[in-house]
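Please treat every number below as a calculation from the coordinates, not as lab data. In this text, all values refer to a predicted model and were calculated from it rather than measured experimentally. As a convention, Cβ positions derive from the backbone with ideal geometry for all residues, glycine included, and neighbour counts pool all protein chains shown.
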Amino acid sequence: MRFTLNGAAVSLDVVGSRRLLDVLREDLGKTGTKEGCGEGECGACSVLIDGEVVDSCLVAVGQVEGRNVITVEGLAGPRGELSLLQQAFIEHGAAQCGICTPGMLLAAHVLLKKEQRPDADDVREALAGNLCRCTGYTKIIEAVLSCGT
Amino acid sequence: MRDVTYLRPGNVRDAVQLYRTTPGCRPLAGGTDLMVMLHAGTLRPAPRAVLDLWSLPELKGVRRANDVLEIGAAEPYTGIIGSRDAQESVPALVAAARTIGAAQIQNRGTLGGNLANASPAGDTLPVLLAYDAVVVTDRRSIPIDEFFVGYRKTALADDELITAVRLPLGRDVVFRKVGTRAAQAISKVVLAVSREPARIAIGSVAEIPLRARRAEVALERNDIAGAVAAVADDIRPIDDVRSTAAYRRQVTQNVLRELLDAFARG
Ligand SMILES: Cc1cc2nc3c(=O)[nH]c(=O)nc-3n(C[C@H](O)[C@H](O)[C@H](O)COP(=O)(O)OP(=O)(O)OC[C@H]3O[C@@H](n4cnc5c(N)ncnc54)[C@H](O)[C@@H]3O)c2cc1C
Ligand code: FES
Ligand code: FES
């Protein structure tokens with residue numbers, strides 16, 4: 001099967017019913033995508049498929065045939081320079097243990113594409129599918145708000 | 001899951017053919033119900049193949065045709081929420097879709113999955129009942145009223161696929177969901193009500209999403225107090241935990257009263 005991963009073509013021989021999460025981590029070395037609950041509740045495994053945020057623990061890898069997948073590794077620039085949003089997470093102390101961070105970044109990335117100047121409620125709604133056990137969310141929300149233009 | 005074959009048909013005809021001829025085959029749409037169970041190995045009988053419907057063009061889209069709105073079985077909630085036709089013609093369904101999970105779930109979850117899963121707590125199901133929706137399959141049309149036949153059992157044949165859902169235009173339906181999914185064991189109740197014709201559909205209060213027939217008869221006579229009283233007898237909340245059943249009756253009555261009063265005020 002073939003799909004695009006962070007802008008590069010990928011061609012793989014895998015059983016299509018495996019979870020996209022597992023293929024990303026085990027076969028493609030993209031360990032930025034985390035497994036939290038494995039049940040669609042926590043959002044740690046969030047990735048983008050054709051620009052939309054989904055839980056990769058709920059996607060069969062065969063379902064991304066021909067599609068465009070972005071993981072957290074795809075947010076930084078070509079030479080690894082962090083995006084504004086990633087910078088903001090660091091500056092605001094929005095990551096502690098970091099398990100939720102890749103998913104938070106991707107969900108927030110989609111929000112900022114759709115809404116250039118979101119308010120706190122927009123951010124809360126956009127991140128409602130991403131749970132964080134550490135930060136109490138305030139710093140995450142501030143980090144995202146700081147990227148509004 | 002490595003031993004589960006992945007099948008990707010190109011059209012509905014091939015999908016039905018594969019479904020019929022592949023032993024242990026299970027349809028897969030957005031995967032928000034199925035993938036967890038597949039991974040955990042809790043499905044009985046254990047599926048030997050999944051039949052991917054997600055990318056079938058025939059199962060996508062929201063279309064207005066004559067006097068109905070047709071929604072593809074594999075169209076995700078996000079597509080329904082974003083459809084102007086759906087917003088105009090079936091706002092109660094849009095409201096229900098908005099309450100289903102967060103963005104990650106709305107981007108994948110589908111009506112076909114919600115229907116086939118037939119959970120008494122499926123949030124779109126009371127709304128579909130209140131609209132008198134028609135479940136379209138690869139071979140026939142099933143009135144939603146005849147679709148749920150028992151706890152998580154549907155009228156679908158073993159090799160039958162849902163292709164679309166049809167809803168009438170111009171019916172005024174209101175939707176209310178009380179309690180969160182996490183709390184559903186104790187407090188969740190979902191109601192959808194149409195005044196004309198009188199339809200009162202309720203989720204999470206019986207083994208199937210059901211229509212409250214006695215309450216509907218009262219509502220037809222404009223007897224709001226009668227409808228609120230009757231609904232307590234229409235529903236069958238789980239009574240292995242007595243207090244919970246009583247609590248649910250009370251909540252159902254309160255929410256129904258509130259919805260009918262809102263209608264009365266216009
Ligand atoms: C975190 C989370 C939150 C959720 N919140 C809610 C909620 O608030 N309310 C709610 O109602 N649900 C909720 N759900 C459940 C789920 O998202 C919905 O039931 C959804 O509509 C299922 O659709 P799907 O396409 O993902 O189904 P899938 O998981 O792909 O399939 C579900 C079942 O339907 C069958 N099936 C799918 N499509 C067809 C078809 N076209 N023809 C025949 N059979 C078919 C499959 O074989 C399977 O048995 C939640 C799930 C998660 C993980
Ligand atoms: S691991 Fe996928 S949502 Fe929690
Ligand atoms: S930083 Fe630990 S879960 Fe969010």
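When +1 charges are put on Lys and Arg Cβ atoms and -1 charges on Asp and Glu Cβ atoms, the dipole computed for segment B:57-168 relative to its Cα centre reaches about 300 debye.
Per residue of B:43-56, other chain Cβ atoms within 10 Å of the residue Cβ number 2 on average. Label zone (A:ASP119, point 7 Å along Cα-to-C-beta; backbone nitrogen cut-off 17 Å) within segment A:79-96: none. Cβ crowding within 10 Å ranks A:LYS30, A:LYS113, A:LYS139 as A:LYS113, A:LYS139, A:LYS30, fewest other Cβ atoms first.
A simple charge model with +1 on the Cβ of Lys and Arg, -1 on the Cβ of Asp and Glu and nothing else charged puts the dipole of chain A at about 240 debye relative to its Cα centre.
Placing unit charges on C-beta atoms (Lys and Arg positive, Asp and Glu negative, everything else neutral), compute the dipole magnitude of chain B about its Cα centre in debye, rounded to 20.
Magnitude of the dipole: close to 460 debye.
For the set A:LYS34/A:LYS139; A:LYS139/B:LYS60; A:LYS113/B:LYS188, the pairs lying more than 31 angstrom apart at their alpha carbons are A:LYS139/B:LYS60; A:LYS113/B:LYS188. Each residue in B:TYR247, B:TYR77 was given a count of other beta-carbon atoms within 10 angstrom of its own, and listing them fewest first yields B:TYR247, B:TYR77. Of the options B:ALA97, B:ALA40, B:ALA245, report the single residue whose Cα projects farthest towards the positive end of the charge dipole of chain B (beta-carbon charges: Lys, Arg +1; Asp, Glu -1). Of B:ALA97, B:ALA40, B:ALA245, it is B:ALA40.
In terms of surrounding Cβ atoms within a 10 Å radius of their Cβ, B:PHE263, A:PHE3 rank from fewest to most as B:PHE263, A:PHE3.
Label-to-label distance, B:ASP67 versus B:ASP233, with points set 7 angstrom from Cα along the beta-carbon direction: 3.4 nm.
Which distance in Å, rounded to a whole number, links the C-alpha centroids of segment B:55-96 and segment A:1-62? With segment B:55-96 and segment A:1-62 each reduced to a Cα centre, they are spaced 27 Å. At an R0 of 41 angstrom, the distance between the Cβ atoms of A:LEU82 and B:THR5 translates into a FRET efficiency of 0.50. Sites listed here are chymotrypsin sites (Phe, Trp or Tyr not before Pro) in segment B:101-207 whose DSSP assignment is loop and whose Cβ has at most 14 other Cβ atoms within 10 Å: B:TYR151.
Relative to the longest principal axis of the Cα atoms of chain B, the long axis of helix B:12-21 makes an angle of roughly 80 degrees. Here the label points at B:VAL149 and A:CYS134, each 7 Å from Cα along the C-beta direction, are separated by 5.2 nm in the simple model. In this simple spin-label model, placing a label point 7 Å from the Cα along the Cα-to-Cβ direction at both B:THR42 and B:ARG20 gives a separation of 3.4 nm. Between segment B:198-224 and segment A:79-107, what is the C-alpha centre distance in whole Å? Centre-to-centre (Cα) distance: 49 Å.
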